[in-house]
Amino acid sequence: MAAPKVAVVGAGVIGLSTALCIMETCPNCSVTILSEQFSPNTTSDVAAGMLIPHTYPDTPIHVQKQWFKETFTYLFAISNSAEASEAGIHLVSGWQVFKNTPKEELPFWSDVVLGFRPMSKAELQKFPQHQSGQAFTTLKCDCPPYLSWLEKRLKAAGVQMYTRKVADLWELHGKYDIIVNCAGIGAHQLVGDKKLLPVRGQVLKVHAPWVKNFIRDGDGLTYIYPGIHRITLGGTREKENWTLSPDPGTTKDIFDRCCSLEPSLWGAQDIQVKVGLRPSRQCVRLQREVLSQGGVKLLVVHNYGHGAGGFSVHRGTAKEAAGLVGECIAALQGSSSKAKL
Ligand code: FAD
């Protein structure tokens, strides 16, 4: 059979990393990315890009841990290479602090991040409103540079990229053998997935180069995540809110909450406000599907619904999706050799 033609719909962190994994596992494929938006206009560009996993209630923990581990290992290698600053990947140390000590002593990812330990009394003195805390070192992606770095690698591997909104996956039938759906929240409309809902997040990107450590309130709502050039201050989690325009009252609230954790932020400058819709689902949809219309078949692989944790697990889910694409190719090759007989 001729080189299989694969279309990846979506150019956020999931679409780009999935396309890259497909090229790595199936170099003779022809891969095209079709996306309504590219960086810097995706949800992935808004994210803080911290590697602190979010838990998907309907995905087994060992699977989530494996996705996180693969992602951490991949990005750790980049952070230790000469590519680190171009790719926007760096290690960052800091604290997760709790007003009430959490029931669960160790999160499932505690042995994947580096140097996870309870905070010392001296460290806790910095947070008089908090009772306990955890100190660790993790990785952070500065999102727009990381997406550009992925795009550069894809172009070098011969992947074509086109700006196009896909209204129905059947539009791609005939031109492509396999469709990979990485449309993020766009999958709500594209495949009519009612289990996929937006969780609106508003963040501030500020200039405060003296803040070097991350601080995350244990409830996950208030956080300070230093990047290479700017710091992300968050945040909000508003279920089923589709509004993309920033809310000035929320901006003030986020800034006040972050300043109460790190008072030196009162001196922050150049405050930019961003909003993104997390593609939330009880579990990531990582699945093969054969669509059928009047006896005609369309092979689809879904990889969407990463909610609040897409950066934390993107490489792991991309590898799994590439494996599913490999299974589709094997099925196509099987049917084309049967046809020859
Ligand atoms: P997107 O980035 O939205 O990409 C979807 C792509 O599909 C886009 O290119 C879009 O244009 C395209 N598309 C959609 N519909 C169509 C269509 N019909 N036809 C063609 N193209 C289409 N995660 C972490 O791990 N760590 C964090 O610190 C973190 N912080 C966050 C902070 C905020 C404020 C927000 C909002 C999210 C955060 N996240 C974080 C979550 C993370 O951003 C998401 O999980 C991740 O970006 C999802 O990536 P995606 O590629 O699926 O979606």
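The values are calculated or read from the model by the stated rules, or taken from the named source; none is laboratory data. From a predicted model like this one, the values you see are computed outputs, not experimental measurements. Quick reminder, even Gly has a Cβ in these numbers, built from the backbone with ideal geometry, and neighbours come from all protein chains shown. We work out accessible area using only protein heavy atoms, side chains counted, and drop any ligands, DNA or RNA first. Shrake-Rupley method; radii C 1.70, N 1.55, O 1.52, S 1.80 Å.
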Quiz item: How big is the Rg/Rh ratio for region 281-341, C-alpha atoms only, Rh by Kirkwood, two decimals?
Solution: 1.11
Self-check item: Placed amide H near residue 280: partners under 5 Å, 5+ positions off or other chain
Solution: 197, 199, 307
Self-check item: Two-site label geometry, residue 66 and residue 36: point separation in nm, points 7 Å out along Cα→Cβ
Solution: 3.3 nm
Quiz prompt | Student exercise, region 38-127 dipole from Lys, Arg, Asp, Glu Cβ charges, in Debye to nearest 20 | solution = 440 debye
Quiz item: Using the alpha carbon gyration tensor of region 152-278, what are the three equivalent-ellipsoid semi-axes (square root of 5 times each eigenvalue), largest first, in whole Å?
Solution: 36, 19, 12
Self-check item: ³J(HN,Hα) computed for each position of region 100-112 - Karplus, 6.51 cos²θ - 1.76 cosθ + 1.60, integer Hz, glycine/proline x
Solution: 10, 4, x, 5, 7, 6, 10, x, 4, 9, 5, 9, 9
Practice problem: Could you name the lysines whose alpha carbon sits less than 17 Å from that of residue 126, not counting residues in the same chain fewer than 8 places away? | Solution: 99, 212
Quiz item: Given labels modelled 7 Å from the Cα in the Cβ direction, how far is it in nm from residue 85 to residue 25?
Solution: 3.5 nm
Quiz item: For the chain, modelled as a GNM with alpha-carbon contacts under 10 angstrom, which of 151, 83, 70 fluctuates the most?
Solution: 83
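Can you give the charge dipole size of region 116-210 about its Cα centre, rounded to the nearest 20 debye, using +1 on the beta carbon of Lys and Arg and -1 on the beta carbon of Asp and Glu?
About 300 debye.
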Quiz prompt | Student exercise, region 5-339 dipole from Lys, Arg, Asp, Glu Cβ charges, in Debye to nearest 20 | solution = 140 debye
Quiz item: Computed FRET efficiency, Cβ-Cβ of residue 171 and residue 259, R0 35 Å: what is it to the nearest 0.05?
Solution: 0.10
Quiz item: For region 286-301, what does the Karplus curve 6.51 cos²θ - 1.76 cosθ + 1.60, with θ = phi - 60°, yield as ³J(HN,Hα) per residue in whole Hz, taken in order and with x for Gly and Pro?
Solution: 10, 7, 8, 9, 10, 7, 9, 9, x, x, 8, 10, 10, 8, 10, 10
Quiz item: Rg to Rh for region 75-160: what is it, with Cα atoms only and Rh by Kirkwood?
Solution: 1.15
Self-check item: Cross-link table 121/205; 65/195; 252/274; 165/319; 5/155, entries beyond 20 Å C-alpha to C-alpha
Solution: 121/205; 65/195; 165/319
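Over all directions, average the projected area of the Cα convex hull of region 5-339 and note it in nm².
Averaged projected area of region 5-339's Cα convex hull equals 17.6 nm².
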Quiz item: Rounded to a whole number, what is D in µm²/s for region 45-123 from Stokes-Einstein with the Kirkwood radius over alpha-carbon pairs (4 °C, 1.567 mPa s)?
Solution: 88 µm²/s
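Please list the equivalent ellipsoid semi-axes of region 1-42, computed as the square roots of five times the alpha-carbon gyration tensor eigenvalues, in descending order and whole angstrom.
Computed over region 1-42, the values are 21, 11, 5 Å.
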Self-check item: Cut-off under 5 Å, modelled amide H: who pairs with residue 8 long-range
Solution: 32, 33, 34, 180
Quiz item: With the dipole of the chain worked out from charges on the C-beta (+1 for Lys and Arg, -1 for Asp and Glu) around the Cα centre, which of 77, 272, 223 lies farthest toward the positive end?
Solution: 77
Quiz item: Using a 4.7 Å Cβ cut-off, which Cys residues in the chain lack a partner cysteine?
Solution: 21, 141, 143, 182, 258, 259, 283, 328
Exercise. Please list the helices of the chain that count as membrane-span-like by this rule: a mean Kyte-Doolittle hydropathy of at least 0.0 together with Cα atoms stretching 30 Å or more along the helix axis, each helix being a complete DSSP H run.
Key: 310-340
Quiz item: How much of the DSSP beta bridge set in the chain is antiparallel, as a percent to the nearest 5?
Solution: 65 percent
Quiz prompt | CD proxy at 222 nm, helix term only [per DSSP H run n ≥ 4: -39500 (n - 2.57); per residue of the chain; nearest 500] | solution = -9500 deg cm²/dmol
Quiz item: When the accessible area of the chain is computed with all protein chains present and a 1.4 Å probe, what percentage of it is carbon and sulfur?
Solution: 54 percent
Self-check item: Alpha carbon centroid spacing (whole Å) that separates region 8-46 from region 98-174
Solution: 18 Å
Exercise. Return the sequence-ordered ³J(HN,Hα) values of region 203-213 in whole Hz as given by the Karplus equation 6.51 cos²θ - 1.76 cosθ + 1.60 applied to θ = phi - 60°, using x for Gly and Pro.
Key: 9, 10, 10, 10, 9, 7, x, 7, 8, 10, 9
